[in-house]
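Every number in this text was worked out from the coordinates using simple rules, so none of it is lab data. Everything quoted here is computed from the prediction, not taken from an experiment. All Cβ positions, even for glycine, are placed from backbone atoms using ideal geometry, and neighbour counts span all protein chains on display.
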Amino acid sequence: SITISDVHTTHRSSACSRKRIAPRVTNATFTYRWLTTAPHRITNLYQYLLRAKWIASDTPPDDFLAIFSGEVTNCKIRWTGKKTYLVYLFRLLTDKKYISTPKGIGRWMIVGSHFIDTHNRLFTLLNSQRIPVKAQQTIEQLSELLNTGHF
């Protein structure tokens, strides 16, 4: 039989093993729903993000497109906007099913693997970001750039 002290020590040791040493990284990418019929919509999003200075000015368009290709890539996009903007944009794109993730790989692992901050560090703790109230409408309009309007 299990005693109270056994349960307590078991719980404590499992909590210790949960400490993350490094973020999990993947070379998997999102698949854009209308990749074959409307790839120019990803280019539109890329151009807007450049103009808004939310991605680095030296970001190659092919690297940005690769993130939505469904193919494996090691591309890294330097995100120069606020972290909450990045998170909210990808939350909308996945919730609206404009982009999808491969089986068994979460959206935050993909975002965290392919977007780096201005200091070339991977983003962490993406799932705990709040909705950016000031930019909420802008980001919602941005997400619609990927919508072809027919489901």
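For segment 36-70, which positions are touching a strand residue (DSSP E or B) at 6+ places or on another chain (Cβ under 9 Å), of a type in the set (D, E, K, R) and under 18 Å from LEU146 (Cβ atoms)?
Across segment 36-70, the qualifying residues are ARG41, ASP63.
Restricting the search to segment 105-145, which residues are more than 18 Å from LYS53 (Cα to Cα) and over 15 Å from the mean Cα position of the chain (by Cα)?
VAL133, GLU144
Among the residues of segment 35-53, which ones are touching a residue at least 24 places away in the same chain (Cβ under 8 Å), hydroxyl-bearing (Ser, Thr, Tyr) and out of contact with any helix residue (DSSP H, G or I) (no Cβ under 8 Å at 6 or more places or on another chain)? Spell out how you get there, then give the answer.
First pass over segment 35-53, keeping only residues touching a residue at least 24 places away in the same chain (Cβ under 8 Å): 35, 37-39, 41-42, 44-45, 48-49, 52-53.
Imposing the further condition that a residue be hydroxyl-bearing (Ser, Thr, Tyr) reduces the set to 37, 48.
Within segment 35-53, THR37 is the sole residue that qualifies.
What number goes with the only condition from (1) under 14 Å from the mean Cα position of the chain (by Cα); (2) of a type in the set (Phe, Trp, Tyr); (3) assigned to a loop (DSSP other than H, G, I, E, B) that TRP34 does not pass?
Failing condition for TRP34: (1).
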